[in-house]
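The values are calculated or read from the model by the stated rules, or taken from the named source; none is laboratory data. Predicted model, so just to flag it, every value in this text is computed and none were measured. A quick note on method: Cβ atoms are made from the backbone with ideal geometry, for glycine too, and the neighbour counts reach across all protein chains shown. Accessible surface areas use protein heavy atoms only, side chains included; no ligands, DNA or RNA. Shrake-Rupley method; radii C 1.70, N 1.55, O 1.52, S 1.80 Å.
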Amino acid sequence: MQSFKYFVESLLSEASSDNLRGSVGGGESSKAIGHTRAYIFPLLSKSQVTSSVNKLQKIDPRFSSIPKEQGKHYDEDAESTHTLGATVKNEKGTHPKGTRVRVTGVHAHEDGKKLLVSTEKHGVLSMASLEKPKSLKRPNISGDRGFSVEKRIAKNLGTAAAGSTGESWDYVHNGRRQAVSGRKGKFIVRGVVKETEGETPKAKAPLVRGESKLDKGKMGQGVVKFSEGKWSISSKASKDVAEHMKKTKVVGDDGQERSLLDHLNTHHSDGIISKGFVARAPRGMSRAYLGGIKANSLHIHHKKNDTGTTFSINDELKGKTNLSHLGNSDLDRLDGKVNVEASRTGTASIVHRPNQTEMKRLALLSSQEPEEHKDLTNAEHASEFVSRVKRI
C-alpha cells in the first residue's frame, strides 16, 4: 500500500470539476460508485474488473454485482485509458496535467474513504485525479438538445439562467419588482434574502422562484453521520429538510418501528451500515424541501417525452398566473421514499426520492390538458406567464 504522504499529495488534482468522483464515504459515494462503473470498468479487461470488484465489495456491497459494461471498450494494445486532470505527485514521481495513463484496476484507500486506481506505469493514483474519457461521457439531461430544462425555461422567461443547485433557484422572474443584484448581475441566491438599509432601496427576492425537477429527480438530500457514539442528520439544502427527515419511521429486523435516528442508534451503534435501506417518507417531506428553499413554483419534467408541467405552489402566485396550482395535499402525494445508503465510514448519504408515478403523471398534464396546465419550456405558455407576472 502506498504511503499516506503520497495519497494526500495525489488529492491535489481533485479541483477539476470534470474529474471522476473519488469519495466512497458520505454523499458522494453513490456518484463515486456510478463513475467507477461508467468510466473505469468499461476500459478494463474482464479479469481486471473481477479483481477490482472482489476488493471493492468489501468496502461497499453495491460493488458485489459485476456490471454488464465490463470490458466493453477494453483494448489490449492501447497505450493508455485515461488522462490526468491536474498535476499529481506519488511514489513514481510528478505527473503533469494531461498525462496519459493506463489504468489496470481499482481499490480503496486503507481508510475506506477514497477510491484509488492502479496504473501500468504511473503508480497508484486517486481516481478523482482522472478526467472522464470523452468517448464514455454521458450526455446532458437534455441529450442532443444541448441545453438543460432550466436554461430553456430561463430563455423563455427572458432571464439569465439562475445558476447551480444550492446556489440559487432554478429559474426566476422579477415581475415589476426592484431589480435584484447578485453575482455577475444575476438574481439573488437561494435562501434568506439580505436586505440593505439606508438610502439604497431594500433588495427583494425575485417574485417567481422556481424549482425544476425531472420525473426521477430528488427532493431533499443530506448526510447521516456517526460521531461520539451517536448518529445525526444534516442537509446543505436547508435545516427544514434535515429536521423533517428525522421524522422518518423505520421498521428494523426485530419488527419494531423507530424514528430514523433511533433506528440507526439501535441497529447501527458501531457506525457501520452494512446494507442500505429504504423507508416511507414522512408526510410533508416534499413541502419541507420546497419550503426550505423558498420556492413558489415547481416545474416537473418527463425526461423521456421531453415535456413538463409548471405549477404555482404557494399563495404568492396562486390564481395570479396561467399556471395550475398544487396545494399542500397535492404536494404530499409526491412524498415517496427515503433512501439511506450503505457505508462503513460512519458517513452516509440520505435521499428523498419522490413518488415517481405521481411525478410522471403531473409532468404529462400540460400535454394532455393544455388548456388547464402550462409548461414553461413551451415558449407560448411562457410568454403568457410573463405578461401576467408583470401585472402582479
For this session: All but one of (1) within 19 Å of D170 (Cα to Cα); (2) crowded, with 19+ Cβ neighbours inside 10 Å hold for D306, so report the exception by its number.
Result: (2)
Seminar exercise, completed: Those residues of segment 73-119 which are surrounded by 14 or more Cβ atoms within 10 Å (Cβ to Cβ), assigned to a loop (DSSP other than H, G, I, E, B), at negative phi and not charged (D, E, K, R) amount to H73, Y74, S80, T81, G85, A86, T87, T99, H109
Seminar exercise, completed: Pairing a residue in segment 142-158 that is of a type in the set (A, V, I, L, M, F, W, C) and modelled with pLDDT of 90 or more with any residue that is open to solvent by 10 Å² or more (accessible area, probe 1.4 Å) and in a helix (DSSP H, G or I), where Cβ atoms lie under 7 Å and the two sit 6 or more apart in sequence or on different chains, gives L157/V386
Exercise. Out of all the residues in segment 256-273, which are open to solvent by 70 Å² or more (accessible area, probe 1.4 Å), free of Cβ contacts under 8 Å to residues at least 12 places away in the same chain and not in a helix (DSSP H, G or I)?
Worked result: Q256, E257, D270
Seminar exercise, completed: Taking segment 326-356 and keeping residues farther than 24 Å from Q57 by Cβ and part of a loop (DSSP other than H, G, I, E, B) leaves L326, G327, R333, L334, D335, G336, P354, N355
Exercise. Pick from segment 356-372 the residues that are open to solvent by less than 60 Å² (accessible area, probe 1.4 Å) and in contact with an Asp or Glu (Cβ under 6 Å, 6 or more places away or on another chain): which of them is nearest to S329 (Cα to Cα)?
Worked result: M359
Problem set entry | Unmet criterion (only one of (1) closer than 23 Å to S135 by Cβ; (2) out of contact with any Lys or Arg (no Cβ under 8 Å at 6 or more places or on another chain); (3) surrounded by fewer than 15 Cβ atoms within 10 Å (Cβ to Cβ); (4) at pLDDT below 90) for I66 | (3)
Problem set entry | Where N19 falls short, out of the listed (1) at pLDDT 65 or above; (2) more than 23 Å from G93 (Cα to Cα) | (2)
For this session: Count, please, the residues in segment 311-355 that happen to be open to solvent by less than 10 Å² (accessible area, probe 1.4 Å), over 30 Å from N378 (Cα atoms) and at pLDDT 95 or above.
Result: 3
